[in-house]
1. Among the charged types (D, E, K, R), within 27 Å of residue 502 (Cα to Cα), touching a helix residue (DSSP H, G or I) at 6+ places or on another chain (Cβ under 9 Å) and at pLDDT 95 or above, is that true of residue 470?
2. Among the strands (runs of 3 or more DSSP E) lying completely within segment 25-126, list those that include at least 3 residues that are open to solvent by less than 30 Å² (accessible area, probe 1.4 Å).
3. Please name all residue pairs, on different chains or six or more residues apart, with Cβ atoms under 6 Å, provided the first residue is in segment 12-27 and is within 19 Å of residue 114 (Cα to Cα) and the second residue is of a type in the set (A, V, I, L, M, F, W, C) and buried (at least 20 other Cβ atoms within 10 Å of the Cβ).
4. Based on this model, can you work out whether residue 18 counts as farther than 22 Å from residue 141 by Cα, touching a helix residue (DSSP H, G or I) at 6+ places or on another chain (Cβ under 6 Å) and in a loop (DSSP other than H, G, I, E, B)?
5. Among the numbered conditions (1) touching a Gly at 6+ places or on another chain (Cβ under 6 Å); (2) over 30 Å from residue 219 (Cα atoms), tell me where residue 315 comes up short.
6. Which of (1) touching a residue at least 60 places away in the same chain (Cβ under 8 Å); (2) in a loop (DSSP other than H, G, I, E, B) is the odd one out, the single condition residue 300 does not satisfy?
7. Being among the hydrophobic types (A, V, I, L, M, F, W, C) and under 26 Å from residue 269 (Cβ atoms) narrows it down to one residue among 115, 31, 50, 39; which is it?
8. Do the conditions hold for residue 421, that is, is it open to solvent by 10 Å² or more (accessible area, probe 1.4 Å), more than 16 Å from residue 237 (Cα to Cα) and out of contact with any His (no Cβ under 8 Å at 6 or more places or on another chain)?
Amino acid sequence: MQELDLATQTSPLAFLSLTTKRKVHHNLPPAELVEFALARKEGKLTSTGALMSDTGRFTGRSPKDRYIVLDDKTKDSVWWGDINIPFDSGKFDLLLEKMKSHLSDKELFVRDAYAGADPDHRLKLKVVNTLAWHNLFCHNMFLRPSTEELEDFEHDFTIICAPEFEADPATDGTANPNFAIINLTERIILIGGTGYAGEMKKGVFSVLNFILPHEKNVLSMHCSANTGNEGDTAVFFGLSGTGKTTLSADPNRKLVGDDEHGWTETGVFNFEGGCYAKVIDLTREKEPEIWDAIRFGSIVENTRFKENSRDVDFMDKSVTENTRTAYPIDYIPNALVPSQSGIPKNIFFLTADAFGVIPPISKLNKNQAMYHFISGYTAKVAGTEMGITEPKLTFSACFGAAFLPLHPARYATLFGEKMERYDTNVWLINTGWTGGSYGIGSRMKLAYTRAMITAALEGKLDHVQFSQHRFFGFQVPQECPNVPADILNPRQTWKNADAYDKQAKDLAQAFKSNFEKFKDFSSEDILAGGPLT
């Protein structure tokens, strides 16, 4: 593969006007990147051939250090606040120059890649890394152009990631030495001071979350998706702990993707070329496809070996509970490649309601779907985060608030328009508690949840009787194949119906309180989808 001097016009980074004293490695294959990573002591090989690497001080994203450049393009379109923090364009230019100076004496790894399986709606990326394993991560997570496509590849977005480069907050305009800054006008993402590879992936996701809805009327979604033999696409939204990965992995259906998608006039497409899965407590019995994907070419992050072996100890949380693996999507046997499928027939909002209020399955109308899409509700319980001893309400707009440059109502409105145009069913699935709240009731059986989703996918709920939920207005089926009828109405599963009513009223009020910050930007239709009481 190419080893080029950046000063030459044939350099893959000539557009940056950058000179260098070191080599530039362009589009290296995985085997060579693994060799470089091992030689540079960036990681170790596991017993299955995967590369084990550490991300350093940061073992997750740093949302308070993510910025978007404030300029004419973004000033009136971005939803500014705690999630989208404005950054001065002049400071960005100075920081870019400092990073270029830093890169001038570094060995660099450069990769051309796509983000977006749909050729009409993809970004053409050029990624610049100072770490070989980061470049392998990008090979795995983004889409890989063919040899023919690389011959005349012209990028339209650049990522520069240098974990060892730290900003000076006093002069550079950042809050801390680490940063991730998106410039939508210059079409550059700068990442420094952090080795967490997911910053690159989510930086590109944030860019697509701006460009696709704002400029192309394409809905970007933080979700997983699969498709049946007849091309019937299903989409799954859900926060951590709701079962999104497990429920979208169906041996009878093809996996379109596990995290980031777009919805166009013709169907759904994956933004990515790989999967970035959590591996804490991973076993082959629980997640056989993920387990088998951890092989040569894959990466495992922040894991540790079992004593006196090269076997990964997936139970080890000594570095972080956010241990992960990154592998190409074609490491999954039933992955759909290319990752494009038809218009969704069914969409599932997954929630792990630890208060035992939400029915195990409900059907939502358009207004309710938009409202609950913006709400993005689940509840965390003990074991999901340090310090949580009782259920904790969690709302994340559009099931991915941290990555939304636009106001959530923009995505919700587009969601509602598509749902109505294509007559898509939207279901709210509670994978959480039944018969009482956490500590009193019990977790919904996975077998029942799978049966409910299968019934919805196969149209077996199209002609059953429904009843309206007293507090939220959902339509709740009175029967479902392979599911006991008495669990479908959560009020009937509680020993004390009055206690259920009180809990339901409290949860309904929590939804209303959370929605206050969205009211001014939401239509009457969206507001009409909220709780009844």
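The values are calculated or read from the model by the stated rules, or taken from the named source; none is laboratory data. All values derive from a computational prediction rather than experimental measurement. When we count neighbours, we look across all protein chains shown, and the Cβ atoms used for this are built from the backbone with ideal geometry, even at glycine. Surface areas here come from the heavy atoms of the whole protein model, side chains and all, with no ligands, DNA or RNA. Shrake-Rupley method; radii C 1.70, N 1.55, O 1.52, S 1.80 Å.
1. Judged against the criteria, residue 470 is a match.
2. Filter on segment 25-126 gives 51-53, 66-70, 108-115.
3. From segment 12-27, the pairs are 12/110; 13/6; 25/109; 26/110.
4. It is true that residue 18 is farther than 22 Å from residue 141 by Cα, touching a helix residue (DSSP H, G or I) at 6+ places or on another chain (Cβ under 6 Å) and in a loop (DSSP other than H, G, I, E, B).
5. For residue 315, the exception is condition (1).
6. (2)
7. When all the criteria are applied, what remains is 115.
8. Values: open to solvent by 10 Å² or more (accessible area, probe 1.4 Å): yes; more than 16 Å from residue 237 (Cα to Cα): yes; out of contact with any His (no Cβ under 8 Å at 6 or more places or on another chain): yes.
Yes: the conditions hold for residue 421.
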